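*Asks:* Supplied in structure tokens, the structure appears directly below.
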Amino acid sequence: MTVMSARVSTFALLGLAAASALGSSPAAAADPTGTWFTEDGRARVRTEHCGPGGANLCGYVVWGSKPLGEDGKPKIDRYNPDPKRQARPLLGHQMILGLKRNEEGRFVGKIYNGDNGKSYDVTIWSETPAELSVKGCLISVLCQTQTWTRVGDVVPGQLTAATDTPGGPRSDPEWAGKPGAAPKPAAAKPAGAPTPK
């Protein structure tokens, strides 16, 4: 009787272990949205959901360690291959370009480098709430992964307003106002305030 009980218990434990192994998947991905300090210390990037239904991931430079050029003026996107964008400020520009989620739950697509005007293949994911992994590739065999760190504070010169509002970063035209994008909150009107005409 004791041997039989031990065998039943052992089979039950093995069955539970097998069931949990079959049903297990890679560690649940952490939320990739937030404000991140880049590994090289040169920028803070705010990531947020964008596109139809908020299914994509976009990111914006909201702070730079050297926002001014040698002329003492804010740096502009002078190397952008699109002449219409070459006069825009680098601070606030969109660098993560509407990444799509893949079957592994990671976001893949293109990242734009305002320092040279080039775009690269990128994969972004987060396994812990405090870190964001950013893997950029020039070609599929020349890849490098950086770890960006989540920040909750605000430093002087950081853009803090909502995207596409005064004091906030700017979406590229193809990502601004897409149907299904999260609506921007309307400013609260004090009770009894007259309605503007």
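The values are calculated or read from the model by the stated rules, or taken from the named source; none is laboratory data. Since we're looking at a predicted model, the values are computed, not measured. Glycine also receives a Cβ, built like all others from the backbone with ideal geometry; neighbour counts cover every protein chain displayed. Side chains included, ligands, DNA and RNA excluded: accessible areas come from the protein's heavy atoms. Shrake-Rupley method; radii C 1.70, N 1.55, O 1.52, S 1.80 Å.
*Asks:* Loop only by DSSP, 14 or fewer other Cβ within 10 Å of the Cβ. Give me the trypsin sites (Lys or Arg not before Pro) in segment 50-95 that pass, ordered by residue number.
*Replies:* Numbers: sites: 75, 78, 84, 85; in loops: 75, 78.
Sites meeting the loop and neighbour criteria: 78.
*Asks:* Moving on to the next point. Taking 0.36 nm per intervening residue step and subtracting the Cα-Cα distance, what contour gain separates residue 162 from residue 131 on full extension?
*Replies:* Working: separation 31, 0.36 × 31 = 11.16 nm, distance 2.23 nm.
Length difference between fully extended and current span is 8.9 nm.
*Asks:* If ligands, DNA and RNA are left out, what is the accessible area of residue 115 with a 1.4 Å probe, given in Å² to the nearest 10?
*Replies:* Spelled out: residue 115, probe radius 1.4 Å, area about 80 Å².
*Asks:* Something else: Calculate the spin-label point distance for residue 55 paired with residue 71, positioning each point 7 Å from the Cα along the beta-carbon direction, and give it in nanometres.
*Replies:* 4.3 nm
*Asks:* Still on this model: Would you please name the chymotrypsin sites (Phe, Trp or Tyr not before Pro) within segment 29-118 that are DSSP coil residues with at most 14 other C-beta atoms within 10 Å of their C-beta? Working shown, then result.
*Replies:* Working: sites: 36, 37, 60, 63, 79, 107, 112; in loops: 79.
Passing sites in segment 29-118 are 79.
*Asks:* Excluding ligands, DNA and RNA, what is the solvent-accessible area per residue of segment 41-103 at a probe of 1.4 Å, expressed in Å²?
*Replies:* Solvent-accessible surface per residue comes out at 55 Å².
*Asks:* Find out how many positive minus negative residues lie around residue 66, taking Lys and Arg as positive, Asp and Glu as negative, among other residues whose Cβ is under 12 Å from that of residue 66.
*Replies:* So the environment of residue 66 carries a net charge of -1.
*Asks:* List, largest first, the extents of the alpha carbons of segment 18-150 along their principal axes, each in whole Å.
*Replies:* 65, 33, 26
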